[in-house]
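Have a look at the structure below before the remarks.
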Ligand code: FAD
Ligand code: EPU
């Protein structure tokens, strides 16, 4: 295990931000992780990095950046209806989805092509096209950075919500997720109701529904509107879709008949933040190398040399204009460091 000093994090974040980490090292198991944490100065918590696809670095990191490279994908249990697969936190998420598709294990096909690694999937309960990680989550193991023990978290322990978990809130910076066990279905329950999936399946000429067909449809939709981080720096949706009380939604509908909202089960309405941002005139706007994506206003992009601060400042302007026009406060989804 080698700790590098003052190295650029440019290759390690999909936003393409060039900042430096004071210390940087990968780890592949708990022994290496414990050793790393020993040398880590107590002044700043270690930053655990996966694929760097949900992070905006706004300045150099004056501490240890530890890249989780815990590997392995194994079946750990099986019953009549399910196969339980345990994956190392450092496994690439989409490769894990592909692993399931190849074995005809259902449940994660709607989550195809989400960038990043397995270890971050419970952090914000990743979700897309009507499915969230909580729907297939069995348990995870995480290393506590203070007591140095491995803790087991069940579904109930994680407090999953929309882009939320206990690891983002109560236990922030306290646990390093080592592996996640997912409960996959032997018999698929197809979920095609969300967004443009059915339309895309029809367009593809799919006669017989399968998890592979759904995965391909999701991949096509994602490729058509989300920028590829290999080509343009981005971290997916920059903000969450905000929920507001139903009476306020009805009031907004009077002034903005085109407003896009979906009823939540708790009586609130979730608004499409992309629509709010587009209505404020931001879609396609570019400030130097920082910009608001031309096909998806919820995605902020780095055309090359933008600093994290420039992207953050743009996000602040967007947030303020949405607040002024609609009286709705957006919350950033991307982790600001
Ligand atoms: P990182 O960015 O490396 O880390 C994210 C956070 O988790 C950081 O705070 C980090 O410290 C912490 N962390 C990471 N790994 C660990 C660990 N093992 N233990 C403890 N803490 C850890 N997200 C969705 O939910 N749905 C989408 O549809 C979606 N689409 C996207 C599309 C694009 C083009 C991009 C670029 C991003 C998209 N995202 C989406 C966001 C992102 O892919 C997910 O949040 C993903 O789970 C992040 O994984 P990562 O490994 O890159 O995490
Ligand atoms: N819309 C606009 N203008 C835009 C963008 C969107 O008007 O520029 C409106 C459209 O009416 C559209 C609606 O917003 O129908 C929803 O847009 P889309 O289907 O693209 O989804 P989203 O709400 O913008 C969310 C997630 C994505 C996830 C998709 C599919 C959040 C914050 N984002 O985006 O997740 O992939 O749904 O499920 O919940 C991410 O978290 O990084 C991410 C990409």
- Message: I need the full set of residues from segment 100-159 which are near ligand 1 (Cβ under 10 Å from one of its atoms), part of a helix (DSSP H, G or I) and farther than 26 Å from residue 228 by Cα, in order please.
- Response: none
- When segment 168-185 is examined, which residues are found to be surrounded by 15 or more Cβ atoms within 10 Å (Cβ to Cβ), in a loop (DSSP other than H, G, I, E, B) and away from ligand 2 (no atom under 16 Å from the Cβ)? 171, 174
- Note on the structure: Log entry, pairs with first residue in segment 162-174 being without any contact (Cβ under 8 Å) to a residue 60 or more places away in the chain, second being exposed (fewer than 12 other Cβ atoms within 10 Å of the Cβ), beta carbons closer than 8 Å, six or more apart or on different chains, reads 174/146
- Task: Output yes when any residue across segment 304-317 is over 20 Å from residue 52 (Cβ atoms) and within 16 Å of ligand 1 (Cβ to nearest atom), and no when none is.
- Result: no
- Task: Could you figure out which of (1) surrounded by fewer than 16 Cβ atoms within 10 Å (Cβ to Cβ); (2) closer than 13 Å to residue 178 by Cα; (3) modelled with pLDDT of 95 or more isn't true of residue 67?
- Result: (1)
- 3 or more residues assigned by TED's automatic domain parsing to the domain that holds residue 161, touching a residue at least 60 places away in the same chain (Cβ under 8 Å) and surrounded by fewer than 17 Cβ atoms within 10 Å (Cβ to Cβ): qualifying helices (runs of 4 or more DSSP H) within segment 243-328: none
- Query: Which one is surrounded by the fewest Cβ atoms within 10 Å (Cβ to Cβ) among residues in segment 49-64 that are under 23 Å from residue 98 (Cα atoms) and within 16 Å of ligand 2 (Cβ to nearest atom)?
  - Reply: 53
- Message: Residues that are within 17 Å of residue 145 (Cβ to Cβ): list the strands (runs of 3 or more DSSP E) wholly contained in segment 1-60 that include at least 1 such residues.
- Response: 20-27, 47-49
- Task: Of the numbered conditions (1) in contact with a helix residue (DSSP H, G or I) (Cβ under 7 Å, 6 or more places away or on another chain); (2) at positive phi, residue 131 fails exactly one; give the number of that condition.
- Result: (2)
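The values are calculated or read from the model by the stated rules, or taken from the named source; none is laboratory data. Just so it is clear, the model here is predicted, and its values are computed rather than measured. No Cβ is skipped: glycine too gets one built from the backbone with ideal geometry, and neighbour counts run over all protein chains shown.
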